[in-house]
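The values are calculated or read from the model by the stated rules, or taken from the named source; none is laboratory data. Predicted, not measured: the structure shown is a model, and the values here were computed from it. FYI the Cβ positions are ideal-geometry reconstructions off the backbone, even for glycines, and counts take in every protein chain you see.
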Amino acid sequence: MTQLADASRRDLIAAVASVAAAASAAQDAQAQTPSNLRFFNPTGMSKPTVVEINGPHRTIYLAGQTGIDANGKLADGFRAQAVQVMENIKTALASVGAGFEHVVKLTSYLTDLEANGAEFREVRNSYFPNKAGLPPSTVLQISRLANPSYLVEVDVIAAVPRL
């Protein structure tokens with residue numbers, strides 16, 4: 001009976017030590033930013049802007065871009081805002097050595113899809129070099145954006161070769 005009690009105690013102590021070690025490792029992992037993850041904001045853009053994940057390729061996430069220029073001025077009218085959005089995206093992509101050819105997903109938010117959808121698609125498509133291979137794109141109509149003067153916002157995911 002003593003050998004059985006000793007074995008049970010050893011198993012219990014080993015189990016408790018394993019749980020404590022696992023909990024400590026999980027806490028340490030959460031406290032550290034992974035070395036392959038980078039958050040940054042290119043000069044002249046509002047925050048937050050870009051998240052880069054570096055693996056076999058780099059995955060770039062661009063926060064929703066609006067019709068605000070580097071000086072904080074909102075473009076006047078839908079077409080001007082759509083062009084400014086795409087120019088902001090171009091600037092953000094260039095900051096990581098990428099271009100529109102690296103975009104793998106767009107999500108676009110328009111406040112009036114019926115009135116502006118065709119014009120938005122025309123502006124958006126003009127920025128992509130490969131018209132036959134446009135990236136997947138979701139376009140949504142929403143009641144309003146963060147600022148009631150914004151008419152369009154676009155966020156982007158891009159896959160870029162490793163540096």
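A few comments on the model shown:
- Candidate set: region 121-158, residues that are touching a helix residue (DSSP H, G or I) at 6+ places or on another chain (Cβ under 6 Å), of a type outside the set (Ser, Thr, Tyr) and outside any helix (DSSP H, G or I); chosen: the one modelled with the lowest pLDDT: 129
- So residue 80, is it in contact with a Gly (Cβ under 7 Å, 6 or more places away or on another chain) and either among the polar types (S, T, N, Q) or outside any helix (DSSP H, G or I) (or both): no
- Filtered residue count, region 121-162, keeping only those that are hydrophobic (A, V, I, L, M, F, W, C) and closer than 17 Å to residue 103 by Cα: 11
- Scan of region 36-77 for residues that are of a type in the set (Val, Ile, Thr), modelled with pLDDT of 80 or more and either under 17 Å from residue 97 (Cα atoms) or assigned to a strand (DSSP E or B) (or both), ordered by number: 43, 59, 60, 68
- Qualifying residue in region 128-139 (condition: of a type outside the set (Phe, Trp, Tyr), more than 18 Å from residue 41 (Cβ to Cβ) and touching a residue at least 40 places away in the same chain (Cβ under 8 Å)): no
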